[in-house]
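Q: Take a look at this one; I'll ask things after.
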Amino acid sequence: MEHSLATELTRQLIQIESTDPGTYELTIKDWICSWLISALHADVRLYQDEVLPNRFNLMAELPGTDPGLPALVWICHMDTVVVGNGWTVPPFSALERDGKIYGRGACDMKSGLACCLSAFSYAAQKSISTPPRRTLKLICTVDEEDFMRGSERCIQSGWVTKEDWILDAKPTNGQIQVAHKGRTWYEITVTGHTAHASTPWKGADAVAAMAEIIHEIRTAIQNAPTHPDLGQSTVTFGQIEGGYRPYVVPDQCKLWIDMRLVPPLCTEQTNRIVQQAIENTQTTVPGIHASYKITGNRPYVEKDEHSPLLRHLHKICCRTTGVETIVSCFPGYTDTAVIAGTLHNTNCMSYGPGNLECAHQPDEWVAIKDILRCETVYKRLADLIF
C-alpha cells in the first residue's frame, strides 16, 4: 500500500491520546506545534489562544501579499470522543491492516488533520520561491466533540472572518458537504406533588405530564415541512429522569431534547411548539407546572450554489478522482457550521478522509486510499493561494 507524509502523520497523531472528556488536547497541541516548527522553513507564524484551562487553539498562518483576497482556512479539531468499550485492537496503536489505519480519531479527525498538515507543509515549502498572494491558515481547535467552544473562540479572536474560504476535514464519505441542519437543545422541567400510587388522583404525576409533552412535541416536529436538501426535521428525547418508586406518584421529571431543524422551521417556532405543549399539558394533567430553557442553539446552514470555494473544490475533487464528486449535506454539526451560522459565511464546508459511520465507533478506522486522495486534493487547493 502506498504511503505518504499524511499517512505517517495520521499514525503519529492517533498515538497521542486527546480524548474529550479525558486527556484533552494539550499534549497533541504541543506535538503539532513542535512539528510545525521543525518541518517548516518559511514565513510561517504560529499563534496560540487559551480557550479553557490548558486547552489551546493553535493557528499556523502563511501570510499572503494581497490583503484583499479571502484567506483559505483549514480548520481541524484536535480532540476525540472517549475510547468506550468493544475494541478488538488497541485504540492508540494506529494499527495498519488491510489498507486501513485503526485507532480512536482515525477518521474523526486525525487523518484529516494529518492531510492538512501535509498540505500546509507543501504550501510553505512552495512559498519560499513563490510568495503566496492569498493567506493560508491552518487552525487546530479544542472542544469540538463537546460544546465547540474552540471554533467560537476563533470567531471572537478574529482568526476567521465572513469573507474567508473555510474547509474542515471531517469524514465525508468522498463527498463535499456544504449544509447542516440546525441543532437546538431544550431542557424541560415538570413539577407536581406526591401521593400514594393507590390514590393517584390525590397527586400530580410529573412523569405522566412529561409523556404528554413528549407526544405533542414529537407529533409537531414529525408534521413539520421538509427541505429539498436537508430533508426532515427530527427530535430526539435523549435523556429523562424523575420519580422515586413505582408506588409513589412522582412530583418531578426532567427531560433533555435534541432537535435537528431544517428550513423553514427555526428555534423561534420550536419555542412556540414547546410552550404550547406545556400549556396544553398543564390543563390535561391538573396540578403540574412545567417550564423550559434552551441549552444549545445552532442555526441551520443552507447550500450556496454560487460559493467560489465550492466551485474550486468541486473541480479539484473531480479532477483528482476522475469521477463526479457528490455535493451533499453534513448530517451532524461541525466547526465550519458554527462559523457559517454565526458569521453568515457561505464559503464554509466539509471534505475529509473516512466514513462518518466509523466515527465514534469501536475499532474506528480510515482507509489509506482516502488519506492519499484528500492529501492530493488539499495540495491542489493550496495552489490557489499562489
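The values are calculated or read from the model by the stated rules, or taken from the named source; none is laboratory data. The shown structure was predicted, so the numbers you read here are calculated from the model rather than taken from an experiment. Cβ atoms come from the backbone with ideal geometry, glycine included; neighbour counts cover every protein chain shown. The protein model used for the area step is the full one, side chains on, heavy atoms only, and it has no ligands, DNA or RNA in it. Shrake-Rupley method; radii C 1.70, N 1.55, O 1.52, S 1.80 Å.
Q: How many residues are touching a residue at least 60 places away in the same chain (Cβ under 8 Å) and either open to solvent by 40 Å² or more (accessible area, probe 1.4 Å) or assigned to a strand (DSSP E or B) (or both) when one looks only at the stretch 309-318?
A: 2
Q: Yes or no: the stretch 140-153 includes at least one residue that is in a strand (DSSP E or B), open to solvent by less than 10 Å² (accessible area, probe 1.4 Å), on the phi < 0 side of the Ramachandran plot and polar (S, T, N, Q).
A: yes
Q: Separate question: From Ile214, Ile176, Ile278, grab the single residue that is modelled with pLDDT of 95 or more, open to solvent by less than 20 Å² (accessible area, probe 1.4 Å) and over 30 Å from Lys315 (Cβ atoms).
A: Just a single option satisfies the conditions, and that option is Ile278.
Q: A follow-up question, please. Given the criterion among the β-branched types (Val, Ile, Thr) and touching a Leu at 6+ places or on another chain (Cβ under 6 Å), identify the matching residue among Val285, Val262, Val327, Val338.
A: Selected residue: Val262, the only one of Val285, Val262, Val327, Val338 that is among the β-branched types (Val, Ile, Thr) and touching a Leu at 6+ places or on another chain (Cβ under 6 Å).
Q: In this structure, is Ile28 of a type in the set (Val, Ile, Thr), in contact with a Phe, Trp or Tyr (Cβ under 7 Å, 6 or more places away or on another chain) and under 24 Å from Arg149 (Cβ atoms)?
A: It is false that Ile28 is of a type in the set (Val, Ile, Thr), in contact with a Phe, Trp or Tyr (Cβ under 7 Å, 6 or more places away or on another chain) and under 24 Å from Arg149 (Cβ atoms).
Q: Now, a different point. Which members of the stretch 35-55 meet the condition of being under 24 Å from Glu8 (Cα atoms) and either among the acidic types (Asp, Glu) or touching a residue at least 60 places away in the same chain (Cβ under 8 Å) (or both)?
A: Trp35, Leu36, Ala39, Leu40, His41, Ala42, Val44, listed by residue number.
Q: Can you confirm whether the stretch 336-359 contains a residue that is touching a residue at least 60 places away in the same chain (Cβ under 8 Å), buried (at least 21 other Cβ atoms within 10 Å of the Cβ), among the aromatic types (Phe, Trp, Tyr) and not in a loop (DSSP other than H, G, I, E, B)?
A: No, the stretch 336-359 contains no residue that is touching a residue at least 60 places away in the same chain (Cβ under 8 Å), buried (at least 21 other Cβ atoms within 10 Å of the Cβ), among the aromatic types (Phe, Trp, Tyr) and not in a loop (DSSP other than H, G, I, E, B).
Q: Go through the stretch 164-204 and give me each residue that's under 29 Å from Ile273 (Cα atoms) and among the hydrophobic types (A, V, I, L, M, F, W, C).
A: The answer is Val178, Ala179, Trp185, Ile188, Val190, Trp201, Ala204.
Q: With the requirement that a residue be open to solvent by 10 Å² or more (accessible area, probe 1.4 Å) and part of a loop (DSSP other than H, G, I, E, B), what does the stretch 154-163 give you?
A: Result: Ser157, Gly158, Trp159, Thr161, Lys162, Glu163.
Q: Starting from the stretch 254-274, take each residue that is closer than 13 Å to Pro299 by Cα and outside any strand (DSSP E or B) and list its partners that are open to solvent by 10 Å² or more (accessible area, probe 1.4 Å) and aromatic (Phe, Trp, Tyr), counting only C-beta distances under 9 angstrom and pairs at least six apart or across chains.
A: Final answer for the pair search is Val262/Tyr300; Pro263/Tyr300; Leu265/Tyr300; Cys266/Tyr300.
Q: Next question, about the same structure. Do we find a residue being part of a helix (DSSP H, G or I), touching a residue at least 24 places away in the same chain (Cβ under 8 Å) and either under 29 Å from Ala209 (Cβ atoms) or open to solvent by 30 Å² or more (accessible area, probe 1.4 Å) (or both) anywhere in the stretch 285-305?
A: No, every residue in the stretch 285-305 fails to be part of a helix (DSSP H, G or I), touching a residue at least 24 places away in the same chain (Cβ under 8 Å) and either under 29 Å from Ala209 (Cβ atoms) or open to solvent by 30 Å² or more (accessible area, probe 1.4 Å) (or both).
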